[in-house]
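Below is one structure; the comments refer to it alone.
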Amino acid sequence: MNFLQSYVYYIGAFGLIFMGLFTMLVKRNLLKVIIGLSILETGVNLFLISVGYISKGTAPIFSKAGMEAERMVDPVPQALVLTAIVIGVAVLALALSLAIRLYHHYGVLDLRKIKEQRW
Amino acid sequence: MRSIISFILLLIIAWGVALSVEKIPFGESKTRIGDYYIERGREETGASNIVTSVVVNYRGFDTLGEVTVLFVAVIGLSAVLATRRKQKKGAVEPASLVLYTGCRFLFPLILLFGAYIFIHGHLTPGGGFQGGAIVASAFLLVYMGCRGRRISRTRSKVVESFGGLVFLVVGLIGLTLGGHYFLFNFLPKGEINTLFSAGFIPIIYIAIGCKVGSELGGIIDRLLEDSE
Amino acid sequence: MILIVGLLVLLMLVAAIAALLFKDLINAVIASCMVSLIAAILFYFLQAPDVAMAEASIGAALVSAIFIIAIRRTKRYEE
């Protein structure tokens, strides 16, 4: 029980990474592969934030004027994950536009059929 | 066949990862730079939100790179999806009356809420990226509710370029006067927990909020164009 | 407390498996939106309100919207 208590966030994050990677490797439809990419990025962000957690800490914001710095969680992984979420949505938008273009050109979204056609 | 092989490969990778992640203790302090930012963040930058001061002031160069990546992605998307054929103006079926009235009522309120979030980025949780995403959700609501109206593209381009230019110009002004590094905080710090404090952090977050909001609205506009 | 977090993590993993298995692509997008929302709740439990707000507004609202617009311009069912 103690093992589960300390590692439940890691299990969740790596479970998501595993599911995202499996979706990207196995599925043939291009939009399903891009959904797997989105789940993979969510898993990586969850892992980064759970590394920066300090037990019994609070959010790193001084809400009252004369507050002292008690135990606060690490603010650096939160800043990095903020950047990573926005870059993730930029990559997804570009990937979806390429998928739409592929569909207009080939007529199917199946990756095996696209690989078989030559020009 | 492919699924079985990839499942076995991923199980082997998961076992290897589990062996190494077991050594990472959960809930203990791992670095010392976090403590430095928490202790010295308030007096060096004047912002109450430490994550904001890390994103804009201490690691502002990474934020500049992120804004550039978003900009390049929007350029790539509009270049890939550009069509040469003129789009035919088909008859657009209007939404129902309840939806139309509700969207017209909610649109300025959501814009106001998004602007509140990115203006108060240094005091409360929030900031430029979150407020920009909320502004883009307001534009999405207009596209869904009041069909047939589009955002004027020229104005959105002007707002986006203006936001990016303000960020760069404020950083370069910091380079010339005083500190000899990019994004030196040259405005007065003010007192903590008021609106006009923390130097240039509100100015940069307002610029980032305008830029991200109009960019994400532009992505939705370009994806929604009917073509072919 | 740990029971709630464990239940949420289990729900998130079930939603990820559902996103893999659905044949209708709109159902898969809704499952991935649910993954994003539960991840936003977990970010709040890990004392990160900035990241929770960013994940909820960007990951759950805008990514799902652009996926649905892209599905509208291509095929809806996966085969």
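Every residue, every condition in (1) in contact with a helix residue (DSSP H, G or I) (Cβ under 7 Å, 6 or more places away or on another chain); (2) touching a residue at least 12 places away in the same chain (Cβ under 8 Å), yes or no:
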| site | (1), (2) |
| --- | --- |
| C:Ala18 | yes, yes |
| C:Asp24 | no, yes |
| C:Asn27 | no, no |
| C:Met34 | yes, yes |
| C:Leu42 | yes, yes |
| C:Asp50 | yes, no |
| C:Ala61 | yes, no |
| C:Ile68 | yes, yes |
Residues that are under 21 Å from C:Tyr44 (Cβ atoms), facing chain C (nearest Cβ under 7 Å) and either within 8 Å of the chain's Cα centre (by Cα) or surrounded by 21 or more Cβ atoms within 10 Å (Cβ to Cβ) (or both), drawn from segment A:12-44 = A:Gly12, A:Leu16, A:Ser38, A:Ile39, A:Thr42
remark   = Turns out the helices (runs of 4 or more DSSP H) fully within segment A:1-118 with at least 1 residues that are touching a residue at least 60 places away in the same chain (Cβ under 8 Å) and over 17 Å from C:Ala52 (Cα atoms) are A:30-51, A:75-106, A:111-116
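So which of C:Ile26, C:Ile4 ends up being modelled with pLDDT under 95, over 24 Å from B:Ala138 (Cα atoms) and more than 9 Å from chain A (Cβ to nearest Cβ)? Walk me through how you get there before you give the answer.
Details: C:Ile26 fails: over 24 Å from B:Ala138 (Cα atoms).
Testing whether each residue is modelled with pLDDT under 95, over 24 Å from B:Ala138 (Cα atoms) and more than 9 Å from chain A (Cβ to nearest Cβ) leaves just C:Ile4.
Rundown of residues vs (1) surrounded by fewer than 19 Cβ atoms within 10 Å (Cβ to Cβ); (2) more than 7 Å from chain A (Cβ to nearest Cβ), yes/no style:
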residue: C:Val14; (1), (2): yes, yes
residue: C:Asp50; (1), (2): no, no
residue: C:Ser57; (1), (2): no, yes
residue: C:Arg72; (1), (2): yes, yes
query = How many of the residues making up segment B:23-44 are at the interface with another protein chain (Cβ under 7 Å from one of its Cβ atoms), out of contact with any strand residue (DSSP E or B) (no Cβ under 7 Å at 6 or more places or on another chain) and in a helix (DSSP H, G or I)?
reply = 5
Test result for B:Glu160, under 30 Å from A:Tyr103 (Cβ atoms), surrounded by 19 or more Cβ atoms within 10 Å (Cβ to Cβ) and not hydrophobic (A, V, I, L, M, F, W, C) = yes
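The values are calculated or read from the model by the stated rules, or taken from the named source; none is laboratory data. Nothing here was measured: the structure is a model prediction, and the numbers come from that model. Ideal geometry is used to build each Cβ from the backbone, glycine not excepted, and the neighbour counts take in all protein chains shown.
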